[in-house]
Structure formats: structure tokens, C-alpha cells
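**Q** The structure that follows is given in the form of C-alpha cells.
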Amino acid sequence: MPVTQPRFTITFGGWYQRTTLHLSEIYDLFALGHSGLKLDQATLTTLHQKLDFVTVTREWGELEYIKCLTSDGIEVRYYEDGLYVLIINSTHIVTGQKKLREYYDNSLAPAISYIFSLGAPTPKVLANIRQEHPTVVSAYTTTPKTFFAKLKFGPVYSQITSPSLSVYKTPAHIIILSKSSPEDVNKLIEMQIFFREFKDQLHRYLNLHREIWEEISDIKERGSVSGREVESLRARLDSYQKTINLIKSRLNQMGTYVRTRASIAKKLELEDQLASVFQYKFETLTNTHSYVQDIWKMTQDYVDTAIQVINEVKAHSTSNGINSLRLITTIGVLSGIFGYLSKDQFPTFTLIGLWYFLVLVLGTWIINQAVTTAFRSIHYRLKFANNQGIK
């Protein structure tokens, strides 16, 4: 009698803040292949065909979501708060995991990126970061320890067991072996993905704060700057300021989502399982969010101060140049006036006079350029207030 292969549910997903308005835009593409936005219809049609959905429905639960099924058996759920999961049932974990990753990279991610290509951009420092997250593998079994021993997942760095399920964590997978119904496990997995993604976003923002702070500190520690460097430094600081404003806006949006998910977890009685199995607590997540918000407020103050200092240097350099040119111009005007007063007849036009005038103009231009270059070469002291950053 042939041995029956165990069947696994393989889940891959992520989260990026969205609203129910975005969900309607996603539904238009997923179900109908068009958009009310000013996007190229030929591109929308191509993306819609690549999605390969055989069914697309809007579902209601604790949150509204779109539920889709591809011809290859991949189920996609996209929730109104931006959580998305890709699910496939398979007897072969590696094959199923590869299929989900390829579908996300080649079909789902390009479609979502195109739909949201208009409006406020994602900061460039974050847009190209590819995040690798463990795939969640779940299965039903009454003997989780024996069941797991037969599987080959590599080294286990965390193992937690509760009365209803056992969780094993490896570098590439999170394995959940449950005695509960699959639907209950799916809700727990979705909440775990949201929590993980939220926390990872905060960590990326913390690391980015460190990078920007160090860049500004490098400018501060120079002590002085030449006039010719002012424009390039100001451009760099303006770029940091734009990034800071975008990230602060994202951070301000995130608080609402964690409160909503915490409320849902409480309603579904998932709080204890999240805490005991994954060591996830929404109170801790909220505190971390507030901490990162405060850090970015401080970062904004730091870059604003740096821009103010550079602007003062620029104004000082420009003022010095103008004063010098004014002095040169005044001397030239006075020389001309004394020359005119010494004349005893009106000047006549001559070819030599024309050449003299052209040489005078050229000489004046050369002197102005020399004075400007000289003042751009002068080093100006940078006077920053003493600030200590949170590293």
C-alpha cells in the first residue's frame, strides 16, 4: 500500500499600509483589468493577464479583502489595510515555495507597483530593498514532534509548543504543526505576517535614521566648508529633508493600523497565542512605533539645523562677493567720471576706441570671475549647536 505524502499549506506574504480606497483600485485591476487612474491600458491588460486569476471576489470579515484564485491553485488574499498573503497547498514544500515566490515577483508585485505608481513616492533608499522573509509552512497533525522529525528543514533556532500547536523556526521557514482547524491557523499566520512586517518596517526606518544622521554628522565634523561646496551640500541636505518628510508621513499612518490589528486579535482571541508562540505583543509594537517616531522628529530637527547653517554660509559668501564687486564697480565708475571731467571736447568714434571698449569689457568680466572664484575658495566655519543622536 503506497505511503500517503503529507499535505502542507505554504504561505508567503507581506504588508504595506493601504486603505479601502486602494482596495477598490486593486479590485478593478484584479477583476476587470482596468483602472480609473491615468495609467496605460495596454500595460494594465498585460498585467491582468499575467495575474491569471480564474476567480476574484470581495469578501467581508473583520476587514474587507479581495480573494483570488489562479489557474495554478495559488490563493491570493489582499486586505484593506494592505496585508497580502499568497497560499498554496502542496505535498512538496520547496516546489510550492518556489511557485509562490515566482508568482509574486513576476505577476503580483509588478501589478501592485504599477497601480500605485502615481502619487507620493516611496523613498528611493527603501524602494529597491528586497526583503527576504521566511515562508510559513503549516500542517495538521496530532503528533507534531514525530511529524516534524521526519521533515528536513535545517537547523532549528526556536521551538515553542502550546496545547493546540507547535512552532519551529529555521532561517528559511516557520513551521506550524497544529491540532486546530486550518482556518484558525490561517488567521494566526496572517496576524504573524502583519506583526513581522510592521516590526521590520520600523527596523528599516531606524537603520535609515542612523545613516542620515551619520551623513549630517560628517558635514558637521568638517568644521568648515568652501564657498564652491555650498550648493552641493545644500542639495544633499534637501534630499535628506525630502526623505525624512516622506518617512514621517508613513510613520504617522502606521499607528492606526496597529491599533486596528490589535483590536481584531483581541476579538479573535489571538493575543495569547501571538504572545506565547511568537513572543509578539501589540503593546510592545506600539511603544516601538512611538520610539521611532520620536527619533525621526529629532532627525528632522537635525537636518533643518544643518540646512540653516549652510544657508547662512551661502548668504555670507554671496554677500562678500557682492561687496567686493560693488567696490570694483565703484572704482571703475569714479575713474570714468574723472576721465569725463578732464575732457575739453566730445569724444569721437574710432576703431581703436572700439577695441579699447571691448578689452575693457573683457577685463571687467575676468576681474569679476576672479573675485567670484576667490570668494568661492574661501572656507567658512560651520557653527552647529551640540546635538547628541540616538544611535
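**Q** Taking Rh as the Kirkwood radius computed over C-alpha pairs, what is the Stokes-Einstein D of the range 131-274 at 10 °C in a medium of viscosity 1.306 mPa s, expressed in µm² per second?
**A** Answer, rounded: 84 µm²/s.
**Q** Evaluate the distance, in nm, between pseudo-label points positioned 7 Å from the Cα of LYS179 and of GLU231 along their respective Cα→Cβ axes.
**A** Distance between label points: 7.4 nm.
**Q** A follow-up question, please. Within the set LYS145/LYS179; LYS99/LYS179; LYS99/LYS152; LYS187/LYS266, which residue pairs have Cα atoms separated by over 21 Å?
**A** Cα-Cα > 21 Å for LYS99/LYS179; rest within.
**Q** Hey, another quick one. Could the peptides 33-44, 98-109 be put in order, highest first, of the mean number of other beta-carbon atoms found within 10 Å of their residues?
**A** Descending packing order for the listed peptides: 98-109, 33-44.
**Q** Tell me, what % of the accessible area of the range 156-225 is carbon and sulfur with a 1.4 angstrom probe?
**A** C and S atoms contribute 49 percent here.
**Q** Of ASP200, ASP184, which has the most accessible area with a 1.4 Å probe, and how do the rest follow in descending order?
**A** Largest accessible area first, the residues go ASP184, ASP200.
**Q** Nothing charged except the Cβ atoms of Lys and Arg (+1) and of Asp and Glu (-1): what's the magnitude of the dipole of the range 154-266 about its Cα centre? Round to the nearest 20 debye.
**A** Result for the range 154-266 is approximately 320 debye, rounded to the nearest 20.
**Q** GLU62: accessible area at probe 1.4 Å, nearest 10 Å²?
**A** Answer for GLU62: close to 80 Å² accessible.
**Q** Suppose accessible area is computed on protein heavy atoms with a 1.4 Å probe; arrange LYS267, LYS50, LYS187 from highest to lowest.
**A** So, going from the largest accessible area down, we get LYS267, LYS50, LYS187.
**Q** Round to the nearest 0.05 the FRET efficiency obtained for SER217 and LYS281 when R0 = 41 Å and r is the Cβ-Cβ distance.
**A** 0.75
The values are calculated or read from the model by the stated rules, or taken from the named source; none is laboratory data. Bear in mind the structure is a predicted one, so any value in this text is a computation, not a measurement. Reconstructed Cβ throughout: ideal geometry from the backbone, glycine too, with neighbour counts over all protein chains shown. Note: areas computed on protein heavy atoms with side chains; ligands, DNA, RNA excluded. Shrake-Rupley method; radii C 1.70, N 1.55, O 1.52, S 1.80 Å.
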